[in-house]
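Have a look at the structure below, then the notes.
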Amino acid sequence: MASSTITFSFFLLTLFLFSPSHSSSDNNYNKVSLELYYESLCPYSANFIVNYLPQIFNDDELASIVDLKLFPWGNAKLRANGTFTCQHGEYECLLNTVEACAIDAWPQLSKHFPFIYCVEDLVYQGVYRKWESCFEKLDLDSRPIDQCYHSERGKELELQYAAETNNLQPPHEYVPWVVVDGEPLYEDYENFLSYICKAYKGRNAPGVCTQAYLNTIRKVEPKSKHGACYKERVTSTLAKIWSTISSWMNYLGDAI
């Protein structure tokens, strides 16, 4: 992707995020909760953040009824000593923590989402090691993120996201795991706009929630296997050995 195209996409995204809000008190009261549980280097998470999630900000009325929250943990695993490992390696742990620090340093969605979008766009392009260029592209001070990542605060945030992700009911099976008003969308997550419109209980629904508009959104048929990073189900070598020993002990006991 040409650099001019990237710059333009950031400009449009920032324009949508910082556009003046016309939300009413009714919209604020009846906001629909949209939660995204993801991990930074999952290509399907990056695809959703870059190519789907920004649709919310294309319409000011729609953005005004959505309460979007991001949870950068995904399929990472906690060790007994309090450290953690990530599905796609150490660099994913780094970027998960960097994005968690961005949410913490800049709580407003209009501030942290463009940064996360920028990082995930680089992931999508396969050049995620250039993530620090996002500070310059968005004219952001890197110091709050550096301080957070290199202190205990970064770890605290990740442990918080670990607890929130692991407490999901029903448990997440893969990422991206999209939840609208407490209900997971499973394989149909790319159709999240339809679910937002259905969940909205306010008096004045956004114009984009008309059936005519929703019919223009590309529908993705739910499939048993789809674009997602599934949780790893790994049995330790020790557990396998113990299982084998137990089987033999049971067999010998029966024989005796």
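Miscellaneous remarks
- Applying D = kT/(6 pi eta Rh) to segment 39-128, where Rh is the Kirkwood radius over alpha-carbon pairs, T corresponds to 25 °C and eta to 0.890 mPa s, the Stokes-Einstein value obtained is 178 µm²/s.
- FRET efficiency for the residue 69 to residue 231 pair, using the beta carbon distance and R₀ = 35 Å, is estimated at 0.95.
- Among the GluC sites (Glu not before Pro) in segment 100-192, those placed in a DSSP loop whose Cβ has at most 14 other Cβ atoms within 10 Å are 132, 173.
- Coarse-grained scattering of segment 59-182 at q = 0.11, 0.22 Å⁻¹, given as base-10 log I(q)/I(0) from a Debye sum over alpha-carbon atoms: -0.39, -1.48
- Once all protein chains are placed together, residue 64 keeps about 10 Å² accessible to a 1.4 angstrom probe.
- Note on residue 165: accessible area approximately 0 square angstrom, rounded to 10, probe 1.4 Å, nucleic acids and ligands left out.
- Largest to smallest accessible area among 40, 133 [probe 1.4 Å]: 133, 40
- Surface accessible to a 1.4 Å probe, per residue, for the residues of segment 109-194, Å²: 47 Å²
- Per residue, the convex hull around the alpha carbon atoms of segment 152-201 comes to 99 Å³.
- The trypsin sites (Lys or Arg not before Pro) found in segment 74-137 that occupy coil by DSSP, while having at most 13 further C-beta atoms within 10 Å, are 79.
The values are calculated or read from the model by the stated rules, or taken from the named source; none is laboratory data. Just so it is clear, the model here is predicted, and its values are computed rather than measured. Neighbour counts run over all protein chains shown; Cβ positions are idealised from the backbone, glycine included. Note: areas computed on protein heavy atoms with side chains; ligands, DNA, RNA excluded. Shrake-Rupley method; radii C 1.70, N 1.55, O 1.52, S 1.80 Å.
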